[in-house]
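A.B. asks: Dropping the structure in here first, questions after.
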Amino acid sequence: MDKKLFRKGDIAVIGIAALLAAAIFFFNSRGDEKKLAAEIRVAGEVIETVELSSLGEELIITPDTEPKVIIKAENGAIFFEDAECPDRLCVASGKLTRKGDTAVCLPAKTVITVLGADVDAVTY
Amino acid sequence: MKKKKSIIIAVSAASLLCLAIAVYSAILPKKTSVDFFSMNTYITVSAEGKDSPAACEEIQKLVNNLDSGVLSRQSEESEISAINSGGGKMSEGMRRYISDMLGIYEASEGAFDFALGSVSDLWGFGNEPHLPADAEIKAALKKSGAGKISINGDEIAANGAVIDFGAAGKGIALDEIKSLLNSMKIKNAVVSVGGSILLYGEKDFTVGIRNPEGNPGSYIMTVSTPAAFVSTSGSYEQNFEENGKIYHHILNPETGYPVQNELVSVTVVSDNGLASDALSTACFVLGAEKGMKFAEKYGCEVIFVDSDKKVTVSDGIKDSVKLTDNSYSFAE
């Protein structure tokens, strides 16, 4: 009597399942690397996440802040288009297009971050 | 029958895998992040370890209390507001901060001057920046300077000078945060107080040095370091243009005007938060040559970036710095 735990056929099934899982993981990770998404936070709360890499048309976001800020998202970029704060340093930050890019409006307590930085922190 | 057995084996293997993943996730150290606004800047905390949720909460409390109760000139209830408006007895913490800052003021021969509040107020940085009248700057400068401060035991008198923690407060906050983390079960943490960084834990960290021409999240080089404090002073922060000229916020204590030298930014790596913050300003004011010697005296590592996109790095971290933007190069 054959007492083997696995027969050839069983090993083949497990092998195919493992290969399939590895392939799904690999393709999912590759997709994530290419994806570009940005998070808009007001006073520490995420108010919107925008998929920049798949944005068909321009998006205007006007969070409920004082002073007012206008955020514009387009394919592959997001930025403070206008702000009523005195120094407008947030607008001067320009277009955010790469992972880790960040713009902050201190008076409006609003932060835009492109997700996925590859360093622990940036000193400025 | 064979087919049925194969399915059972495949399902069992998948279940075991799921269980292994669940167990692995459960034993991984907890990670918690928080971001908030305080000290007139943006603060981010990322902590790993059993106490990470509590650490994030406690750090927020600590920073808010330190700002409104001790360091902020904008807060009427703060200790520094009381000192600036007549002096008096210092708390133990304040005595330590002032004593350390006076040490750096003296060692830098006044390049780091933390009592220029009256002068910086004229420039309106952080609010509505503008070029003040020359006579106003000269008058404010006359009554300013850390040299006017007198200390007798716990008593302090600013004697008309206005003490400002703008060039050391972030570092002080990071020192206090490090002490707090030491009392908690935290494996690793990264805290940024307006771009001044605390790297806490036993691993090696990678920090980006900001691109002077980019946004606060973009960088031109990285530095790898074990646990440390990293601070940067840059002329790209808080600047404005008037009459075709750009004015930045790092003031020359001798003139009351923004420092004019070859530098764009100075980054200091230290085992002390106050020192890393204050020395980044001092070294900016001193310039690359004198600044390098000064940082060495304090046992700090330093990175200078100049307007010709040349990077000068102190010997101790030379091998840990990697340029990531090819328009920048190391100075000969």
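A.B. asks: Go through region B:172-204 and count every residue that is assigned to a helix (DSSP H, G or I) and of a type in the set (Asp, Glu).
C.D. replies: Result for region B:172-204: 2.
A.B. asks: Within region B:225-240, restricting attention to residues that are part of a strand (DSSP E or B) and more than 9 Å from chain A (Cβ to nearest Cβ), which residue is nearest to residue B:261 (Cα to Cα)?
C.D. replies: Taking the candidates together, the pick is B:233.
A.B. asks: Being among the hydroxyl-bearing types (Ser, Thr, Tyr) and either under 23 Å from residue B:238 (Cα atoms) or in contact with a helix residue (DSSP H, G or I) (Cβ under 6 Å, 6 or more places away or on another chain) (or both): is that true of residue B:144 here?
C.D. replies: yes
A.B. asks: Moving on. So which of A:66, A:57, A:81 is more than 29 Å from residue B:228 (Cα to Cα), more than 7 Å from chain B (Cβ to nearest Cβ), modelled with pLDDT of 95 or more and assigned to a loop (DSSP other than H, G, I, E, B)?
C.D. replies: Step by step, each of A:66, A:57, A:81 is checked, and only A:66 is more than 29 Å from residue B:228 (Cα to Cα), more than 7 Å from chain B (Cβ to nearest Cβ), modelled with pLDDT of 95 or more and assigned to a loop (DSSP other than H, G, I, E, B).
Here is a yes/no grid of residues against (1) of a type in the set (Lys, Arg); (2) in contact (Cβ under 8 Å) with a residue 12 or more places away in the chain; (3) within 14 Å of residue B:161 (Cα to Cα):
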residue	(1), (2), (3)
B:64	no, yes, no
B:101	no, yes, no
B:111	no, yes, no
B:120	no, yes, yes
B:139	no, no, yes
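A.B. asks: Sticking with this one: Which pairs do you get when a residue that is at positive phi, found in region B:158-179, comes within reach of a residue that is outside any helix (DSSP H, G or I) and β-branched (Val, Ile, Thr), reach meaning Cβ atoms under 9 angstrom, with the pair 6+ apart or on two chains?
C.D. replies: Filtered contacts from region B:158-179: B:159/B:149.
A.B. asks: What tally of residues in region B:102-136 results from selecting those that are of a type in the set (A, V, I, L, M), surrounded by fewer than 22 Cβ atoms within 10 Å (Cβ to Cβ) and either in contact with a Leu (Cβ under 6 Å, 6 or more places away or on another chain) or over 19 Å from residue B:239 (Cβ atoms) (or both)?
C.D. replies: Matching residues across region B:102-136 total 4.
A.B. asks: Kindly indicate the residue of region B:34-67 that is within 11 Å of chain A (Cβ to nearest Cβ) and part of a helix (DSSP H, G or I) and also surrounded by the fewest Cβ atoms within 10 Å (Cβ to Cβ) among those meeting that condition.
C.D. replies: Per the criteria, the residue is B:60.
A.B. asks: If I filter region B:202-224 down to residues being more than 7 Å from chain A (Cβ to nearest Cβ) and buried (at least 18 other Cβ atoms within 10 Å of the Cβ), which single residue comes out as farthest from residue B:319 (Cα to Cα)?
C.D. replies: The qualifying residue farthest from residue B:319 (Cα to Cα) is B:214.
A.B. asks: Moving to a separate point now. So, in region B:256-278, of the ones that are farther than 22 Å from residue B:311 by Cα and touching a helix residue (DSSP H, G or I) at 6+ places or on another chain (Cβ under 8 Å), which residue ends up surrounded by the fewest Cβ atoms within 10 Å (Cβ to Cβ)?
C.D. replies: For region B:256-278, the residue satisfying everything is B:257.
A.B. asks: Same structure, new question: Quick one: which of A:115, A:106, A:96 is aliphatic (A, V, I, L, M), surrounded by fewer than 21 Cβ atoms within 10 Å (Cβ to Cβ), in contact with a strand residue (DSSP E or B) (Cβ under 7 Å, 6 or more places away or on another chain) and facing chain B (nearest Cβ under 9 Å)?
C.D. replies: A:106
A.B. asks: Would region B:284-296 turn up any residue that is assigned to a helix (DSSP H, G or I), out of contact with any Cys (no Cβ under 8 Å at 6 or more places or on another chain), among the β-branched types (Val, Ile, Thr) and crowded, with 18+ Cβ neighbours inside 10 Å?
C.D. replies: yes
The values are calculated or read from the model by the stated rules, or taken from the named source; none is laboratory data. What you see is a predicted model; the values in this text were computed from it and never measured. For neighbour counting, all protein chains shown are included, and Cβ atoms are generated from backbone atoms with ideal geometry for every residue, glycine included.
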